[in-house]
Structure formats: structure tokens, C-alpha cells
Amino acid sequence: MGNEIKIRFIHELANRFGPLKRLPDSRSLIDIGDELARVYVRYSALHKINKTFYGLREKDLLLLEGRPSYICFLWEGQFEPLLVPYSAFEEVFQIATAASDGQYKVQVFPNRDATELYIAKQGRFNVEAYFGWGALETLASSSANELVPELSHSQIQTLLGAIGAAKKFDIWIPPSDRSGLDYSLTDRFDCRKSLPTGFDPVSNTLKEIDVLWIQRGSNELRALFEVEHSTPIYSGLLRFNDIHLATPQQHPRYSIVANDTRRALFVRQVNRPTFRTSGLNEVCTFLEYADVYGWNNRLNRL
């Protein structure tokens with residue numbers, strides 16, 4: 001099955017972008033076009049509780065540096081390929097340690113709410129924006145310099161609220177922030193009038209979280225987002241930790257949302273002993289502004 005899925009992907013890659021060139025001493029590294037990009041193709045079976053397992057060879061990752069490069073994660077039943085830009089995670093791998101076999105162990109969790117990449121001992125990262133052929137098509141059409149607009153804290157809140165609403169969740173945004181939402185970016189959505197019940201010990205903390213996704217018609221938290229536009233990442237993690245410890249019966253996703261330059265800082269902070277002891281480091285993801293923008297655009301295309 002794995003070989004068939006990889007063969008179909010490589011065939012489609014050639015159909016879209018022309019001749020392919022395999023790198024010497026690797027069955028997984030492929031150059032497309034006239035040095036348009038390099039793609040590292042990895043496959044995993046889809047195991048129980050919706051997760052995959054991959055090994056990324058350290059010597060293969062070194063060959064991705066200094067050029068447009070993508071790690072393609074494939075699994076059974078996938079609708080679109082997941083093409084993760086290596087440049088977004090290069091610094092994370094540089095501070096990570098490969099296993100004794102020379103590989104970095106990673107997992108992808110293709111959940112209904114959002115797909116996450118887990119890099120062992122580094123953390124979780126939202127990769128929902130990286131599905132599809134868009135990044136490679138942008139390179140091929142010579143528009144690689146097209147920039148994501150500079151987005152404000154309120155605009156990121158707006159996009160996260162719109163994504164959650166599209167996924168049929170109730171949305172909570174602090175009432176004091178709602179007048180600043182920018183509906184020129186999205187369709188208008190309604191915000192929930194009250195917090196879910198059952199969170200008395202941390203209700204004051206919960207009501208200040210930038211965006212909550214709540215299972216419609218219930219008190220179940222599905223996702224919490226803290227947009228760290230200028231505030232310290234550590235303070236957002238502390239708020240998440242309080243909620244995580246006070247509500248062990250809930251299993252939401254916690255996401256720190258920030259500029260890409262703060263990804264490595266997130267890795268260092270979320271792996272502090274206090275968050276490793278509480279287990280927050282295993283359930284908290286990093287989500288970059290450009291990925292929020294891309295995630296919203298992908299939902300609009302679908």
C-alpha cells in the first residue's frame with residue numbers, strides 16, 4: 001500500500017511540474033523542475049487513534065537546507081498531500097537531537113479539527129495550512145514572492161473565529177475584543193454570549209483567552225488559542241497550564257499563535273520542566289500567522 005501511494009504521488013508530481021530527478025543515495029529525495037524545489041517524500045500507515053509515524057534521516061534533512069524544500073507526509077486515505085516547508089522547521093530540527101539510528105522521530109495526527117505535526121521532544125505544530133499543491137504551484141507560477149499581508153492581533157482573532165465557525169463550533173472571543181474584529185477578511189460569524197459552565201476555578205482565566213472553539217450546544221472545549229502578537233509566549237503558556245491542570249476531564253487543543261520568528265522560542269518555553277511535568281507540552285501546538293491565513297484560504301477553496 002505504501003509504495004502504491006508514493007508512486008501515485010510521484011506520478012502526479014511529474015504530471016504537474018515536469019521531469020523529476022532523484023538524488024543519489026536516496027529513494028525519497030526528489031528535485032522537481034529546473035531546481036524549482038526539493039521534496040522529501042515520506043509515507044506511514046495510519047494507526048489506531050488516527051496517528052502516523054515517520055523517521056526523517058538527519059543526512060536527508062541536511063540536503064533540504066538552502067533551497068525551496070518540502071517534506072511530503074503521505075498516509076492512507078489522504079485527500080491532498082501534506083507538503084510542509086522545511087524552512088519553517090529548520091531551526092526546530094537544529095535544536096533537536098536525532099535518535100541513535102540517525103533519524104528524527106515525528107508523527108502526524110490528521111484530526112478532524114486540525115492536523116498536527118509532532119516532533120519528538122520538541123512539541124506540536126499546527127500544519128493544517130500545508131495541505132495541497134498550492135505552495136509548489138506558487139513557485140511554478142513565479143509568484144513565490146507573494147507575501148501574506150501583515151496581520152494584526154484582531155485580524156488573527158477574526159480568522160481563527162471564522163475557521164472555527166466553518167467547522168461548526170461555537171466561538172468565544174472576549175467581549176471587549178469583538179468590536180475590533182475585521183469582517184473584511186471573512187464572512188461574519190456569531191460569538192457565543194456566555195462561557196461554557198463547569199470552569200469556576202479558572203473562569204477568570206478562560207474568559208480572557210483570545211479565541212475558544214466550543215462543541216456546539218455543549219460545554220466541551222475543543223480548542224483554545226492565545227495570540228501572542230507582542231506579549232510573552234510564557235504568559236500564554238501559564239494561562240493554558242492553569243486551565244489544563246484544573247480541567248483534567250477536558251481534552252482540548254491548546255495553540256500559541258505567533259509570528260514564525262517565535263517558533264523556536266515556543267519550543268524552548270513549552271519544554272520547561274513545569275510544562276513537561278503537567279503534560280502541557282504534549283497537547284500545546286504552535287500556529288504561525290501565515291498558517292492561519294493559509295488555513296482560512298484553504299477552507300474557502302474547499
Exclusive hit being out of contact with any Ser or Thr (no Cβ under 9 Å at 6 or more places or on another chain) and either open to solvent by less than 90 Å² (accessible area, probe 1.4 Å) or part of a strand (DSSP E or B) (or both), set LEU64, LEU13: LEU13
Tabulated pairs, region 176-192, first in contact (Cβ under 8 Å) with a residue 12 or more places away in the chain, second in a loop (DSSP other than H, G, I, E, B) and exposed (fewer than 13 other Cβ atoms within 10 Å of the Cβ), C-beta under 7 angstrom, 6+ apart or interchain: none
Residue in region 212-228 that is free of Cβ contacts under 8 Å to residues at least 12 places away in the same chain, surrounded by fewer than 22 Cβ atoms within 10 Å (Cβ to Cβ) and in a loop (DSSP other than H, G, I, E, B) present: no
Among residues of region 260-288, those that are among the polar types (S, T, N, Q) and either at positive phi or open to solvent by 60 Å² or more (accessible area, probe 1.4 Å) (or both), counted: 3
Odd one out for ARG8, checked against (1) part of a strand (DSSP E or B); (2) farther than 21 Å from ALA120 by Cα; (3) open to solvent by 10 Å² or more (accessible area, probe 1.4 Å): (1)
Helices (runs of 4 or more DSSP H) wholly inside region 148-209 containing at least 3 residues that are more than 24 Å from the chain's Cα centre (by Cα): 175-178, 203-206
Qualifying residue in region 66-76 (condition: modelled with pLDDT under 90 and hydrophobic (A, V, I, L, M, F, W, C)): no
Boolean, ILE171 is under 14 Å from TRP213 (Cα atoms), touching a Gly at 6+ places or on another chain (Cβ under 8 Å) and β-branched (Val, Ile, Thr): yes
Complete set of residues in region 101-127 that are of a type in the set (D, E, K, R) and either over 18 Å from GLU90 (Cα atoms) or free of Cβ contacts under 8 Å to residues at least 40 places away in the same chain (or both): ASP101, ARG112, ASP113
Meets criteria (among the aliphatic types (A, V, I, L, M), over 22 Å from the mean Cα position of the chain (by Cα) and open to solvent by 50 Å² or more (accessible area, probe 1.4 Å)) for LEU245: yes
Conditions (1) surrounded by fewer than 18 Cβ atoms within 10 Å (Cβ to Cβ); (2) over 16 Å from the mean Cα position of the chain (by Cα); (3) not small (Gly, Ala, Ser): number failed by GLU80: (2)
Boolean, ARG112 is within 14 Å of the chain's Cα centre (by Cα), part of a loop (DSSP other than H, G, I, E, B) and more than 30 Å from GLU35 (Cβ to Cβ): yes
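The values are calculated or read from the model by the stated rules, or taken from the named source; none is laboratory data. Note that the coordinates shown come from a computational prediction; the quantities given were computed from them, not determined experimentally. Please note: Cβ atoms are built from the backbone with ideal geometry, for glycine as well, and neighbour counts cover all protein chains shown. Surface accessibility is based on the protein's heavy atoms, side chains included, excluding ligands, DNA and RNA. Shrake-Rupley method; radii C 1.70, N 1.55, O 1.52, S 1.80 Å.
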